[in-house]
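The values are calculated or read from the model by the stated rules, or taken from the named source; none is laboratory data. What you see is a predicted model, and the numbers here were worked out from it, not measured in a lab. Using ideal geometry, Cβ is built from the backbone for each residue, glycine included, and neighbour counts are taken over all protein chains shown.
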Amino acid sequence: MRGKSLGTFCPLGPVLATPDELADPQALVLRTRVNGETVQNSSTAEMVFGIAELLSHCSRAFTLEPGDPVLTGTPWGRGAFMDPPRRLVPGDVLETEIEGIGVLVNPILSCGTCDLGRGGLRQVCRERRITGVHLPGAFAERVAVPRSALHPLPADMSWEAAAVVEPAANAVHAWRPADVAPGARVGVIGAGAIGLVCLPAARPEHAASIAVADRSSERRQMAATLGATTVGAELSGEFDVVFDAVGAGDTHEQSVRLPRPGGVAIWLGLADASAGFDATVLVRTEKRMLGSFAYTADEFAEAAELVSGWEPGWTASYPLESGAEIFTGLMRGGSHPVKPILRPWRRGRRRASATRPRILRPSSPIRSPSRETMAD
């Protein structure tokens with residue numbers, strides 16, 4: 001006998017949502033995919049018995065404690081009732097999605113048909129689109145994105161950490177073309193979100209020292225907390241690689257002037273379209289100047305692993321309706337917060353302490369009972 005109440009047959013998590021975070025638990029879309037194919041698409045509105053009725057019925061027989069899971073029936077689409085019956089086999093990837101429970105979204109969208117898009121270089125796809133730039137962004141209670149852009153949240157990742165996956169992915173990508181030798185002297189101009197995550201993205205084998213420059217003393221202090229060797233209003237000295245996370249004319253000039261002969265400048269910032277430097281310097285000193293835009297899908301996933309478990313001290317959360325005020329303040333020269341997070345719900349969602357979501361790889365077929373009952 002096998003059932004969902006037995007060990008290893010009922011993976012739960014990684015999110016625990018409280019009643020105040022879901023507008024109507026009896027109107028949530030439920031989806032199940034096997035190897036990317038949707039096999040179940042239903043709603044809690046179609047439950048034979050409502051949640052309140054189930055809890056009332058169960059409570060007649062035993063006491064329910066806070067946190068107890070109550071296992072109900074399952075929507076249409078079970079493999080046992082397909083024609084022919086369909087079973088999971090070793091290696092199948094099972095995904096379950098519940099409306100209102102978060103996922104990570106990679107905002108870089110590729111056409112998927114050109115040579116670059118098919119080759120995994122979605123960030124330089126000729127027909128790329130960016131959610132929030134070319135398409136409506138996430139400063140809303142709901143936003144539609146392609147399934148290919150979704151990544152499950154790691155079990156130990158807070159919402160604050162999830163919000164810095166995207167800038168962290170930029171930093172992970174920027175280190176690739178730098179191609180520096182072990183023990184490099186690294187400079188970072190700009191201690192905004194991307195500049196700050198360039199520090200933890202630097203593996204110990206990459207950098208012997210990292211100097212960070214920013215006009216804000218508060219942001220310099222945050223850089224020191226994250227491991228910067230030295231901080232200041234400007235960079236000084238010579239470096240093997242300089243990351244320009246600002247992108248203004250004067251920071252462009254510094255990023256090209258400060259690397260040693262044969263060194264490299266990596267441009268990530270987009271503040272100004274002007275180059276701002278003497279191009280002959282690149283020729284006479286054989287320096288390299290490289291642009292770094294966004295990230296690949298693999299680098300986005302790598303960034304999620306990098307920040308999993310973080311509790312960033314340089315983010316701050318605000319209700320969605322405060323967005324205009326927060327961004328106006330930053331546009332006027334404010335330095336706090338480094339990374340504002342707008343929440344479309346009233347209270348923060350709690351992350352369950354469960355283990356990471358499992359990929360179900362049964363050693364033998366899972367057979368469902370022929371009938372789902374309310375007691376299930």
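If a residue has to be among the small types (G, A, S), on the phi < 0 side of the Ramachandran plot, in a loop (DSSP other than H, G, I, E, B) and surrounded by fewer than 16 Cβ atoms within 10 Å (Cβ to Cβ) to count, how many in the stretch 15-49 make the cut?
The total comes to 2.
Checking G263 against (1) at pLDDT below 85; (2) out of contact with any Ser or Thr (no Cβ under 6 Å at 6 or more places or on another chain), only one condition comes out false. Which one?
(1)
Restricting attention to the stretch 265-316, which residues are farther than 30 Å from H151 by Cβ and either in contact with a Lys or Arg (Cβ under 6 Å, 6 or more places away or on another chain) or not aliphatic (A, V, I, L, M) (or both)?
Matches in the stretch 265-316: D272, S274, G276, F277, D278, T280, R284, T285, E286, K287, R288.
Quick one: in the stretch 199-218, of everything that is touching a Leu at 6+ places or on another chain (Cβ under 8 Å) and modelled with pLDDT under 90, which residue is surrounded by the fewest Cβ atoms within 10 Å (Cβ to Cβ)?
P200
Quick one: is L116 among the hydrophobic types (A, V, I, L, M, F, W, C) and without any contact (Cβ under 8 Å) to a residue 60 or more places away in the chain?
Yes; evaluated as a whole, the condition is true for this residue.
I'd like to know if the stretch 244-257 contains one or more residues that are under 18 Å from A181 (Cβ atoms), crowded, with 16+ Cβ neighbours inside 10 Å and modelled with pLDDT of 95 or more.
No: zero hits.
Can you tell me how many residues in the stretch 74-88 are surrounded by 13 or more Cβ atoms within 10 Å (Cβ to Cβ) and in a loop (DSSP other than H, G, I, E, B)?
Total meeting the criteria: 7.
Could you tell me whether G227 is surrounded by fewer than 21 Cβ atoms within 10 Å (Cβ to Cβ) and within 30 Å of R343 (Cβ to Cβ)?
yes
Mind listing whichever residues of the stretch 247-304 are more than 19 Å from I210 (Cα to Cα), part of a helix (DSSP H, G or I), among the β-branched types (V, I, T) and out of contact with any Pro (no Cβ under 6 Å at 6 or more places or on another chain)?
Across the stretch 247-304, the qualifying residues are T280, V281, V283.
What residue, of G73, G120, is in contact with a Ser or Thr (Cβ under 6 Å, 6 or more places away or on another chain) and either over 28 Å from R343 (Cβ atoms) or among the β-branched types (V, I, T) (or both)?
After ruling out the rest, the residue left standing is G120.
Which of the helices (runs of 4 or more DSSP H) contained wholly in the stretch 134-236 include at least 2 residues that are charged (D, E, K, R)?
Those helices (runs of 4 or more DSSP H) span 165-178, 217-225.
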